Amino acid sequence: FVKAVEARDSYTQLHSTRVTELSVALAQKTNCTSEEIDIINFAGMLHDIGKIGIRDDILLKPGRLTDEEFEKIKEHPEIGSRIIGHMGLWDREQELIRSHHERFDGTGYPDGLKGDEIPKLARILSVADAYDAMSSDRVYRQKMPMEKVLSILRECSGTQFDPVYVEAFLVLPGEGGI
């Protein structure tokens, strides 16, 4: 699956690897079980698998997305969840892939989950995913300065992100805690 995404968009594979590494570190920092770490390790690599169902003219667009294009991008968690679901295994991984764009304040997608309604591992993945997205070059913009990335994480703690995981992330060696 990862190779299929990489064939369309090499950025996504590198992003997924970094997000997985950060998510595993954050899961370890917050005392997740070894089973939870295995789940986040698997789902982290595939969290954006649903992007294979998004048209290239939207996925690889170098400029700002229109509202309609953004609505299409927002379908990737559901698409990814369905792909994993068809395998008949990995219910928790499927749930994590579906929920990685939910927001702590309930304004995320696809289900508008809020706070503890969002699976714990999705809340962890969300912080790592946003951090990597902001701190690396994208097709539509250059990476942000580290001060700005960390400032955004702090500002969005309690709205976009679970404050517990932002706080833990900010003290990870080599990431927020530098």
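Read the figures in this text as sums done on the coordinates, not as results from a lab. In this text, all values refer to a predicted model and were calculated from it rather than measured experimentally. Quick reminder, even Gly has a Cβ in these numbers, built from the backbone with ideal geometry, and neighbours come from all protein chains shown.
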> Per residue of the chain, what 222 nm ellipticity follows from adding -39500 (n - 2.57) for every DSSP H run with n ≥ 4, rounded to the nearest 500?
Replying inline: -17000 deg cm²/dmol
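Test of the criteria: in region 19-71, which trypsin sites (Lys or Arg not before Pro) are in a DSSP loop and have at most 13 other Cβ atoms within 10 angstrom of their Cβ? Walk me through the numbers on the way to the answer.
Numbers: sites: LYS29, LYS51, ARG55, ARG64; in loops: ARG55, ARG64.
For trypsin sites (Lys or Arg not before Pro) across region 19-71 that sit outside H, G, I, E and B with at most 13 neighbouring Cβ atoms in 10 Å, the list reads ARG55, ARG64.
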>> For region 69-160, take the convex hull of the Cα atoms, compute a quarter of its surface area, and give me that in nm², please.
In response: 6.4 nm²
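In terms of the Cα gyration tensor, with a ≥ b ≥ c the square roots of its eigenvalues, is region 1-106 rounded because a/c is under 1.5, prolate because a/b exceeds b/c, or oblate?
prolate
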>> Using amide H atoms built in the peptide plane, which far-off residues or other-chain residues are under 5 Å from GLY106 H to H?
In response: GLY115
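Only sites in a loop by DSSP and with at most 15 other Cβ atoms within 10 Å count here; which trypsin sites (Lys or Arg not before Pro) in region 98-178 make the cut?
Values: sites: ARG98, ARG103, LYS114, LYS120, ARG123, ARG138, ARG141, LYS143, LYS148, ARG154; in loops: ARG103, LYS114, LYS143.
For trypsin sites (Lys or Arg not before Pro) across region 98-178 that sit outside H, G, I, E and B with at most 15 neighbouring Cβ atoms in 10 Å, the list reads LYS114, LYS143.
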> Which of the chymotrypsin sites (Phe, Trp or Tyr not before Pro) found in region 80-178 are in a DSSP loop and have at most 11 neighbouring Cβ atoms, other than their own, within 10 Å?
Replying inline: TYR140
>> Quick check: Cα centre of region 129-145 to Cα centre of region 51-74, how many Å?
In response: 16 Å
>> Please state the shape class of the chain: rounded when a/c is under 1.5, otherwise prolate if a/b exceeds b/c and oblate if not, all from the C-alpha gyration tensor.
In response: rounded
>> Explain nothing, just compute: Karplus ³J(HN,Hα) = 6.51 cos²θ - 1.76 cosθ + 1.60, θ = phi - 60°, for every residue of region 26-38 in order, whole Hz, x for Gly and Pro.
In response: 5, 4, 5, 4, 9, 6, 5, 6, 5, 5, 5, 5, 4
